[in-house]
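A.B. asks: First the structure, then my questions, so here it is.
Taken together, the values in this text are just the output of simple stated rules run on the coordinates, not laboratory data. Quick caveat: nothing in here was measured; it's all calculated off a predicted structure. As a convention, Cβ positions derive from the backbone with ideal geometry for all residues, glycine included, and neighbour counts pool all protein chains shown.
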Amino acid sequence: MTVANPPYDLAVVYRICPVMSRTAPAVFGRDKFLLSKVALESFKESLGKLRVKMWVLLDNCPPEYEKLFTDLWDAKDLVLERHPGIGNRGTLHRQYQILCEQEDCELIYLAEDDYVYHPNSFEDVVSLLREHPEVDFVTPYYHRDYDTLPMHRHHQRTLEHGGRTWKTVKTTTGTFATRRTHLRKTQWVFRTLLQKVLFSEQTDVGVWLALTKYDVFNPLSWMTWPLKSPYFGWSLFTAWWTCWRQILFGRKYSLWVATPSLCTHLADGLMPPDYDWDAELKRRVEATKKELASK
């Protein structure tokens, strides 16, 4: 008996809000709608010919934000959820819930509203997950910290795929691709993100260290990380505080990133070093402003 192909290549939950980050590039002029439009249109371009089911979590967004999505997606592939300001942790938890419960696709992506992508680049993420079962999680964003912070120096596995070199890394942000199977098993770990821990909270670095298990058993890291980076030292502590069961008894997961990077996070000082993202953003912003002015 022949099993029909699934209707979608990728299931995406896209989180968006109208609040502008303090670290957003100056080219956007504190205009979150402009940034959101540039980012979303680049994401759509990055998908190429992929068949995508899209959920959108609109957190306290004005109506014009909804139109960004309805202009780009067919109604049958789009689900809009309007929320009254539930915040970062609220939308994160809803994101995990949707992607774990949906039955449209095994391959999933957790998206945020402040990334700009290269055209057609996401086809490589999907094919990587399909063809390489050893790849558990994929980040499209090559963080500049991978090259500048000593905490990221470690032995890396590499593979060649889609004309890029992919390598293992310790941590990333909350934007990543994986399999639904993996998220169902690890969502309790991700749900500790932003959880209260003593006088602060769990970090994304803490979550990823618990999953990839880099340095969590290394006494030298415990001694040196707080001196080199208080944030990384704290994250090593929160990994154990909130996720000790995963560290001791859970499996070790691999996290992979491409070089050159498939996208950039829209944060000053954090853009990947392998491409002139400033020029790319300027070009996109100018084109978008002309389009908006003509309407």
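A.B. asks: Label the stretch 195-247 by shape, choosing from rounded, prolate and oblate, from the square roots a ≥ b ≥ c of the eigenvalues of the Cα gyration tensor; if a/c is under 1.5 it is rounded, and otherwise prolate applies when a/b is larger than b/c, oblate when it is not.
C.D. replies: Oblate, because a/c is 1.5 or more while a/b does not exceed b/c.
A.B. asks: Using Cα pairs under 8 angstrom and six or more residues apart, how large is the relative contact order of the chain, in percent?
C.D. replies: Contact order relative to length: 23 percent.
A.B. asks: Sticking with this one: Under 15 Å from the Cα of residue 185, which aspartates and glutamates turn up, not counting those fewer than eight places away in the same chain?
C.D. replies: Candidates past the 8-residue exclusion: 101, 106, 136.
A.B. asks: Is the C-alpha gyration tensor of the stretch 78-122 telling us rounded, prolate or oblate? Criteria: a/c under 1.5 is rounded; beyond that, a/b larger than b/c is prolate, otherwise oblate.
C.D. replies: The shape class here is oblate.
A.B. asks: Given the chain, what percent of its DSSP beta bridges are antiparallel, to the nearest 5?
C.D. replies: On the way: 19 of 41 bridges.
So the antiparallel bridges in the chain amount to around 45 percent.
A.B. asks: Looking at 223, 208, 190, which one has the Cα that reaches farthest to the positive end of the dipole of the chain (charges on Cβ: Lys, Arg +1; Asp, Glu -1)?
C.D. replies: 223
A.B. asks: Springs between alpha-carbon atoms under 10 Å, Gaussian network over the chain: tell me which of 274, 104, 113 tops the mean-square fluctuations.
C.D. replies: 274
A.B. asks: Assuming R0 = 41 Å, what is the FRET efficiency of residue 22 and residue 67, from their Cβ-Cβ distance, to the nearest 0.05? Spell out each step's value before the answer.
C.D. replies: Values: r = 27 Å, r/R0 = 0.65.
Result of the calculation: an efficiency of 0.95.
A.B. asks: Sticking with this structure for a sec: For residue 223 and residue 152, what does the FRET efficiency come to when R0 = 25 Å and r is the distance between their Cβ atoms, rounded to the nearest 0.05?
C.D. replies: Values: r = 18 Å, r/R0 = 0.70.
Plugging the Cβ-Cβ distance into 1/(1 + (r/R0)^6) gives 0.90.
A.B. asks: Taking the Cβ of residue 130 as the centre, find all other residues whose Cβ is under 15 Å away and add up their charges (Lys, Arg: +1; Asp, Glu: -1). Mind dumping the intermediate values first?
C.D. replies: Working: positive: 49, 51, 179, 180; negative: 9, 106, 123, 124, 131, 134, 136.
Net charge around residue 130: -3.
A.B. asks: Of 128, 270, 40, which has the largest mean-square fluctuation in a 10 Å C-alpha GNM of the chain?
C.D. replies: So, out of 128, 270, 40, the one fluctuating most is 270.
A.B. asks: Which one, 152, 262, 247, projects farthest toward the positive side of the charge dipole computed for the chain from Cβ point charges (K/R +1, D/E -1)?
C.D. replies: Farthest along the dipole direction, towards plus: 247.
A.B. asks: Moving to a separate point now. Along each of its three principal axes, how wide is the spread of alpha-carbon positions in the stretch 89-215, in whole angstrom units, largest first?
C.D. replies: Result for the stretch 89-215: principal-axis Cα extents of 45, 41, 27 Å.
A.B. asks: Once you charge only the Cβ atoms, +1 for Lys and Arg and -1 for Asp and Glu, what is the size of the charge dipole of the stretch 73-181 about its Cα centre, to the nearest 20 debye? Before the final figure, lay out the partial values.
C.D. replies: Values: 13 positive and 18 negative charges, 96 e Å.
Here the stretch 73-181 has a charge dipole of around 460 debye.
A.B. asks: Taking a cut-off of 19 Å between Cα atoms, list the lysines near residue 295, but don't count ones fewer than 8 places away on the same chain.
C.D. replies: The qualifying lysines are 32, 37, 67.
A.B. asks: Follow-up. Using only DSSP helix segments of four residues or longer, with each worth -39500 (n - 2.57), what per-residue ellipticity at 222 nm results for the chain after dividing by its residue count and rounding to 500? Could the numbers behind the result be given before it?
C.D. replies: Details: 10 runs with 119 residues, N = 295.
Rounded to the nearest 500, it is -12500 deg cm²/dmol.
A.B. asks: Sort out for me the Cα centre separation of the stretch 239-295 from the stretch 75-152, rounded to whole Å.
C.D. replies: Using only Cα atoms, the two centres lie 10 Å from each other.
A.B. asks: Moving on. Can you give the local net charge around residue 101? Use residues other than it whose beta-carbon is closer than 15 angstrom to its beta-carbon, Lys and Arg +1, Asp and Glu -1. Kindly include the intermediate steps, with their values, before the conclusion.
C.D. replies: Working: positive: 53, 94, 179, 180, 184, 185, 191; negative: 81, 103, 104, 106.
Result for the local shell: +3.
A.B. asks: Could you give the length gained on full extension between residue 195 and residue 249, defined as 0.36 nm per residue of separation minus the Cα-Cα distance, in nm? All intermediate terms of the calculation are to be shown ahead of the outcome.
C.D. replies: On the way: separation 54, 0.36 × 54 = 19.44 nm, distance 2.11 nm.
Once the chain is fully extended between residue 195 and residue 249, it gains 17.3 nm.
A.B. asks: For the stretch 219-295, report the convex hull volume of the alpha-carbon atoms normalised per residue, in Å³, without decimals. Kindly include the intermediate steps, with their values, before the conclusion.
C.D. replies: Details: hull volume 14.1 nm³, N = 77.
Per residue, the Cα convex hull of the stretch 219-295 comes to 183 Å³.
A.B. asks: Once Lys and Arg get +1 and Asp and Glu get -1 on their Cβ, which of 173, 128, 142 lies farthest toward the positive end of the dipole of the stretch 124-185?
C.D. replies: Toward the positive end, the furthest listed residue is 173.
A.B. asks: Shifting gears a bit: Along each of its three principal axes, how wide is the spread of alpha-carbon positions in the chain, in whole angstrom units, largest first?
C.D. replies: Between the extreme Cα coordinates on each principal axis of the chain lie 60, 57, 41 Å.
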